[in-house]
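What follows draws every value from the coordinates through simple rules; no lab data is involved. Just so you know, these numbers come straight off a predicted model, no measurement behind them. As a convention, Cβ positions derive from the backbone with ideal geometry for all residues, glycine included, and neighbour counts pool all protein chains shown.
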Amino acid sequence: MNYTQSKDRLLSLIREGGKLDALAQIRLTALLSFPSMMAQLVHIMMQYIDASMVGSLGAQASASIGLVSTTIWLFGSLCSAASVGFYVQVAHKIGAGDFVGARQVLRESFLSCILFSFLLCGIGVGISNHLPHWLGGGDDICGDASTYFMYFSLCLPFSMLNSLCSGMLRCSGNIHTPSILNVLMCLLDVLFNWLLIFPTCTLFGITFPGAGLGVTGAVLGTALAYIICSLLMCYSTVVRSKELSLRQDCGTFIPQLRTLREGLHIAAPIAVEHIVMCGAQIMSTVIVAPLGTIAIAANSFGITVEALCYMPGYGMSDAATTLVGQSLGAGRRYLARSFGRITLGMGIAFMTLMAVVMYTASPALLSIMTPDVAVQQLTVEIVRIGAFAEPMFAASIVCYGIFVGARDTLIPCTMNLTCIWLLRIIPAALLASHMGLQGVWIAMAVELTFRGIIFLIRFRGDSWLSHIDDKK
């Protein structure tokens with residue numbers, strides 16, 4: 001039995017009330033999470049290559065991107081939050097066997113999400129010239145930072161389309177298609193960056209001219225990769241998907257009040273959380289910016305290297321949202337908790353392993369990513385500080401995916417916000433003046449550890465399962 005047949009058979013047991021023993025649950029979790037984890041791994045490796053390409057241009061180029069990176073996360077996370085409000089509804093309907101209803105939610109999601117992305121696009125372009133100065137950047141990096149953020153903002157409708165359609169596919173149980181397309185996007189990103197960043201390119205000993213656009217080439221390469229893969233993701237969802245193909249029936253694309261109300265109920269706490277959390281990350285950038293170009297570049301590289309640990313956590317989080325969401329739709333309370341335990345345990349184990357790799361391999365990684373020795377040394381120091389927080393960071397990532405699948409978003413969002421503002425930002429501001437960038441990362445490590453602990457405490461209780469009726 002191939003991957004797709006095995007996965008579909010096990011998912012059908014959730015909807016049909018079939019028996020899933022512990023081994024079958026672990027197998028299904030692996031089938032859903034590993035493709036996403038591998039896509040995350042490739043995505044991270046491509047980020048390393050991207051960072052190395054830009055890093056070869058010097059610390060100023062890296063710092064110009066690092067300066068606006070937290071604001072980019074804010075806009076990207078708002079796109080993600082809007083799409084979550086719709087694809088969680090799809091997971092619930094598929095879990096209940098209502099495929100027609102799932103396709104109708106898909107139709108209604110397109111117009112809502114695309115209009116929202118155009119609003120974000122307009123805001124981003126409007127503030128692009130002023131943002132780097134607001135963040136405290138120096139004149140040497142503000143020009144490139146403004147250009148980078150403007151082109152990123154113009155690409156937001158395609159980022160939204162990619163987030164929405166990949167989420168829809170994952171919640172239908174199709175993890176491998178979005179994983180493959182996200183891998184393709186990363187490969188295209190590297191190819192386009194290679195052609196657009198440098199004035200000359202060499203392949204198999206043959207040198208030919210490149211665009212030589214520097215930092216601008218980096219964002220244009222990323223934008224082109226997003227455009228191509230978001231359109232392929234949309235095609236895979238609305239034409240190729242067995243569960244979601246819109247060719248199977250007809251319906252309106254005009255959002256209905258009930259769908260919007262439910263989507264807002266799910267997405268609003270997540271959106272508010274992202275705004276406040278990314279606001280806190282932007283504040284972290286403001287704290288780091290006065291420490292100088294070396295600190296800004298090191299902070300940016302440190303976040304990129306740390307992303308190596310995120311890969312298994314977010315892969316498990318995706319699987320948890322799908323499995324808990326479909327268990328909710330089928331009304332199986334015990335199964336939802338069981339899948340939660342499995343994904344949580346696997347996520348913590350994998351992220352702990354990756355933290356060990358990050359701690360030991362960071363000097364070698366940084367020597368590849370930037371030729372600047374001062375940036376290398378500072379980045380290795382902060383990455384090793386962050387490594388100790390990764391197991392509990394895994395707990396918060398996977399628990400959050402579990403809670404989203406159960407439509408329990410308000411309290412987890414509040415927990416995230418309280419932790420990051422009270423336990424990270426305020427201590428980071430105090431420690432930065434005495435310990436520099438290392439103090440900022442110590443505050444982050446303490447906060448992530450505490451956050452993971454309180455998420456585990458919430459998972460052990462029953463309040464996050466309040467939306468599930470135990471029918472089977």
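Subtracting the Cα-Cα distance of Leu430 and Tyr235 from their residue separation scaled by 0.36 nm leaves 65.2 nm. Calculated on C-alpha atoms, the gyration radius of the stretch 238-365 divided by its Kirkwood radius gives an Rg/Rh of 1.09. For the stretch 375-391, putting each phi into the Karplus relation 6.51 cos²θ - 1.76 cosθ + 1.60 with θ = phi - 60° gives couplings of 5, 4, 5, 5, 5, 4, 4, 6, 5, 5, 5, x, 4, 5, 8, 5, x Hz, in residue order, rounded to whole numbers and with x for Gly and Pro. In the stretch 408-472, Rg over Rh equals 1.20, where Rg is the alpha-carbon radius of gyration and Rh the Kirkwood radius from pairwise Cα distances. Put in order of Cβ neighbour count within 10 Å, fewest first, the listed residues Leu184, Leu365 become Leu184, Leu365. Length gained on full extension, Arg27 to Thr352, computed as 0.36 nm times the residue gap minus the Cα-Cα distance: 114.9 nm.
How many percent of all Cα-Cα pairs in the chain sit more than 33 Å apart? Taking all Cα-Cα pairs of the chain, the fraction more than 33 Å apart is 35 percent.
Here the 3J(HN,Hα) profile of the stretch 458-464, calculated from phi with Karplus coefficients 6.51, -1.76 and 1.60 at θ = phi - 60°, is 5, 5, 5, x, 10, 5, 6 Hz, Gly and Pro shown as x.
Helical content alone sets the calculated 222 nm signal of the chain at -27500 deg cm²/dmol, taking -39,500 (n - 2.57) per DSSP H segment of four or more residues and averaging over every residue.
Ellipsoid fit via the Cα gyration tensor, the stretch 367-413: semi-axes of 35, 11, 8 Å, each the root of five times an eigenvalue, largest first. When Asp21, Asp98 are sorted by how many other C-beta atoms sit within 10 angstrom of their C-beta, beginning with the fewest, the order is Asp21, Asp98.
Amide H to amide H distances under 5 Å link Cys201 with Phe208, Gly210, where only residues 5 or more positions off or on other chains count and H is placed in the peptide plane.
Counting beta carbons within 10 Å around each of Glu243, Glu16, Glu262 and listing the fewest first gives the order Glu16, Glu262, Glu243. Along the stretch 338-351 the Karplus relation, 6.51 cos²θ - 1.76 cosθ + 1.60 evaluated at θ = phi - 60°, assigns HN-Hα couplings of 5, 4, x, 4, 5, 5, 5, x, 5, x, 5, 4, 5, 5 Hz to successive residues, with x for each Gly and Pro.
Under Stokes-Einstein, with the Kirkwood radius over Cα pairs standing in for Rh, what whole-number D in µm²/s applies to the stretch 85-196 at 25 °C and 0.890 mPa s? In µm²/s, the coefficient rounds to 150. Modelled spin-label separation between Phe208 and Phe118, with each label point placed 7 Å from Cα along the Cα-to-Cβ direction: 3.8 nm.
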